[in-house]
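Please read the structure below before turning to the comments.
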Amino acid sequence: MRVGATWSEGVTSISHEARAGALSSAIRFVDRVERMIAAAAPPSLVQLVLRFALAVPFWRSGILKWDGFLRLSDTAVTLFTDEFMLHLPGGPYPFPAPTAMAFLSGSAEIVLPILLVFGLATRFAALGLLVMTGIVELTVPDGWPVHITWAAMALAIVAGGPRRLSLDHLIRRLARPPAP
């Protein structure tokens, strides 16, 4: 308290200093907790989990479209012929060439999740699944609560890349020329 200050000025000064000290202590505590949380969830692990989480629903859907190696199930063709319609203005419209669309969809739903899990061409695989999510949303508009989570995961993978736990990272490390 400064010389000549009134009692109320002194109380205000002390309470301000006490609040600043308490706030500083709280900030240090929050920083410590955030560091512990960050150590438990490193970005490379988070990206790996995201890749698996996005791969699973597409893989499961893709497996159901096949009756054997490169042999589409009758159900897959029927779905693209009769059930899956693009909900566009003036529609819904059936897919053109339903057998070709079932083949492309079934192939992408097998190949892209495998690439994601291994972290190979990761950003391209995630972008492919993001495009597929958009098409799925156009065929099943009521499924948007699930589709938005798929889109969010795909966007996070596209934005963050594969990180260290991936074949992409390993290939880049092996292809990098040695430092002089």
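The values are calculated or read from the model by the stated rules, or taken from the named source; none is laboratory data. Keep in mind the model is a prediction, meaning the values are calculated, not measured. For neighbour counting, all protein chains shown are included, and Cβ atoms are generated from backbone atoms with ideal geometry for every residue, glycine included.
Looking at the stretch 63-79, is at least one residue in contact with a Leu (Cβ under 9 Å, 6 or more places away or on another chain), assigned by TED's automatic domain parsing to the domain that holds residue 103 and within 20 Å of residue 163 (Cβ to Cβ)? Looking through the stretch 63-79, none of the residues is in contact with a Leu (Cβ under 9 Å, 6 or more places away or on another chain), assigned by TED's automatic domain parsing to the domain that holds residue 103 and within 20 Å of residue 163 (Cβ to Cβ). Scanning the stretch 132-171 for residues that are under 13 Å from the mean Cα position of the chain (by Cα) and under 28 Å from residue 94 (Cβ atoms) yields 133, 146, 147, 148, 149, 150, 151, 154. Restrict the check to the stretch 28-40 and report whether at least one residue is within 24 Å of residue 126 (Cβ to Cβ) and surrounded by fewer than 14 Cβ atoms within 10 Å (Cβ to Cβ). Checked the stretch 28-40: at least one residue is within 24 Å of residue 126 (Cβ to Cβ) and surrounded by fewer than 14 Cβ atoms within 10 Å (Cβ to Cβ). Scanning the stretch 35-44 turns up at least one residue that is outside the structural domain of residue 127 (by TED's automatic domain parsing) and among the charged types (D, E, K, R).
Tell me, yes or no, whether the stretch 69-77 has at least one residue that is among the charged types (D, E, K, R) and either assigned to a loop (DSSP other than H, G, I, E, B) or in contact with a helix residue (DSSP H, G or I) (Cβ under 6 Å, 6 or more places away or on another chain) (or both). Among the residues of the stretch 69-77, not one is among the charged types (D, E, K, R) and either assigned to a loop (DSSP other than H, G, I, E, B) or in contact with a helix residue (DSSP H, G or I) (Cβ under 6 Å, 6 or more places away or on another chain) (or both), which makes the answer no. Residues that are assigned by TED's automatic domain parsing to the domain that holds residue 165 and at positive phi occur at least once in the stretch 108-122. Condition check for residue 67 on (1) crowded, with 18+ Cβ neighbours inside 10 Å; (2) in contact with a Ser or Thr (Cβ under 8 Å, 6 or more places away or on another chain): one failure, at (1).
Restricting attention to the stretch 141-180, the residues that are within 30 Å of residue 86 (Cβ to Cβ), among the acidic types (Asp, Glu) and either surrounded by 14 or more Cβ atoms within 10 Å (Cβ to Cβ) or touching an Asp or Glu at 6+ places or on another chain (Cβ under 8 Å) (or both) add up to 0.
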